[in-house]
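**Q** Pasting in a structure now, in structure tokens, and then I'll have a few things to ask.
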Amino acid sequence: MTTTPRPDGTGSVEPATTALPASADAPRRPGPAPGRAPSKVAPVATTARRRSRKGPIAFVLAVLLVAGVGAGAWWFGWERYTTTPGVLSVDEATATAELESAGLEAEVGEPAYSENLAAGLVISTDPGPGDRVLDGGTVTLVLSLGPERYGVPDLAGQTEDQAQDALAATNLDFGESVGRWSETVPEGQVIRTSPKVGTVLKPGATVDLVLSRGRKPIEVKDWTGRSFDAARTALEKRRLEVSVAGEEYSDTVPEGTVISQDPATGTLFRGDTVSFVVSLGPELVEVPRLEAMGVEAATDVLEDLGFEVETEQAQIYLGLGYVSSSDPGEGERVPKGSTITLFVV
């Protein structure tokens with residue numbers, strides 16, 4: 001209770017009620033005029049304000065929402081993924097077993113060449129080691145084919161253009177062509193390669209070609225009037241065939257000397273034949289027995305044999321007209337046309 005002094009100063013006490021504070025927006029009531037006693041104010045009844053339940057519910061919902069978002073992010077961003085195991089440099093079976101033990105599937109992709117890993121070992125994976133992959137997902141294995149190598153193909157008998165195409169198809173490069181004579185490979189075709197057929201090379205290595213220039217021409221000179229033996233030795237050394245087409249007596253060409261040849265000159269090839277006519281020298285005729293023959297009869301015999309005849313008196317000349325001896329003598333072989341001297345007694 002509070003006391004309110006009376007206007008008459010008696011100090012009497014009157015009961016008073018607690019007034020609610022006026023709202024800032026409510027109109028203020030005018031107070032009593034100065035010098036006038038305030039009018040009696042009627043008490044205002046108040047009631048207690050009820051607390052709202054929406055706040056705690058909203059808070060719980062917010063917490064649940066945040067927790068759900070976090071759980072979803074954790075699940076979709078991490079929990080349902082597995083880290084790809086490192087299976088490099090092992091064989092397919094080992095890599096497959098390791099992946100399956102991690103709950104992953106393995107499949108083999110396109111193989112690739114490797115300078116460092118032997119054939120059949122894992123070069124790489126997709127996803128790579130340490131990358132995330134969905135649980136139960138598939139990891140592709142790239143297996144090694146070993147070092148990339150190519151064997152030099154057999155190009156014998158091909159033209160230069162065909163050989164170059166064949167080299168390009170095996171990832172080898174054409175280097176240069178060198179011409180060589182060949183008795184068996186037609187002109188313009190490949191005789192051999194350098195390196196030789198079957199040599200294993202890295203891709204891009206250079207291969208040279210040896211191309212045929214055809215058969216090697218052989219110039220033949222004229223051996224007429226020269227030794228047949230010398231001609232035969234020289235020609236056979238150059239892989240030509242030599243034959244004797246005939247032998248003839250010659251009073252002018254010495255024995256063993258070439259009288260003629262076919263072909264006389266020109267260009268031949270290995271295995272071709274050169275034919276010769278070789279001199280036997282002058283024809284030799286045996287001097288017959290002439291002793292005791294008349295001079296005229298002996299002369300006829302000798303002239304029939306192709307000899308020239310001369311007569312001389314013997315040391316003991318008797319005028320009989322018979323041959324006592326001859327020079328060359330009986331049985332000697334002398335060139336036809338030689339002169340025989342008859343000694344007459």
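**Q** What percent of all Cα-Cα pairs in the stretch 120-184 falls in each 10 Å bin, counting up from 0?
**A** 15, 27, 17, 15, 14, 8, 3, 0
**Q** Separation between the ASP135 and GLU283 pseudo-spin-labels, each 7 Å from Cα along Cα→Cβ, expressed in nm?
**A** 12.3 nm
**Q** Next question, about the same structure. Hey, what does the equivalent ellipsoid look like for the stretch 173-276, semi-axes from the Cα gyration tensor as sqrt of 5 times each eigenvalue, largest first, whole Å?
**A** 45, 11, 9
**Q** Long-range amide H contacts for VAL87: which residues qualify at under 5 Å (H placed 1.01 Å from N, peptide plane, sequence gap of 5 or more or a different chain)?
**A** Residues meeting the criterion, in which the H sits 1.01 Å from N, do not exist here.
**Q** Next question. Could you tell me the convex hull volume per residue, in Å³, taken over the Cα atoms of the stretch 160-228?
**A** Spread over its residues, the Cα hull of the stretch 160-228 gives 107 Å³ apiece.
**Q** Compare the peptides 101-107, 277-283 by average per-residue count of other Cβ atoms within 10 angstrom and give them in order, highest first.
**A** 277-283, 101-107
**Q** Can you give me the distance in nm between label points at ALA297 and SER325, each placed 7 Å from the Cα along the Cα-to-Cβ direction?
**A** About 2.2 nm separates the two model spin labels.
**Q** Suppose R0 equals 51 Å. What FRET efficiency, 1/(1 + (r/R0)^6) with r the Cβ-Cβ distance, do SER227 and ASP304 give to the nearest 0.05?
**A** 0.90
**Q** Please give the charge dipole size of the stretch 199-345, origin at the Cα centre, charges +1 on K and R Cβ atoms and -1 on D and E Cβ atoms. Round to the nearest 20 debye.
**A** Dipole about the Cα centre, nearest 20: 1960 debye.
**Q** Given H placed 1.01 Å from N in the peptide plane, which residues other than close sequence neighbours of GLY151 have an amide H under 5 Å from its amide H?
**A** Distant-sequence amide H within range of GLY151: LEU201.
**Q** Could you report the accessible area of ILE316 in Å², rounded to 10, computed with a 1.4 Å probe on the protein chains as they sit in the structure?
**A** The value for ILE316 is about 120 Å².
**Q** Which aspartates and glutamates have a Cα lying under 17 Å from the Cα of LYS336, excluding residues fewer than 8 positions away in the same chain?
**A** The reachable aspartates and glutamates, counting only those whose Cα sits under 17 Å from LYS336, are GLU247, GLU248, ASP251, GLU255, GLU283, GLU286, ASP300, GLU303, ASP304, GLU308, GLU310, ASP327.
**Q** Sticking with this one: Sticking with the crude label model, points 7 Å out along Cα→Cβ, report the distance from ALA168 to ALA102 in nm, one decimal please.
**A** 4.4 nm
The values are calculated or read from the model by the stated rules, or taken from the named source; none is laboratory data. Note that the structure is predicted; figures quoted are calculated from it, not measured. Because the Cβ atoms are built from the backbone with ideal geometry, glycine has one as well, and the counts that use them run over all protein chains shown. SASA here: full protein model, heavy atoms, side chains in, ligands and nucleic acids out. Shrake-Rupley method; radii C 1.70, N 1.55, O 1.52, S 1.80 Å.
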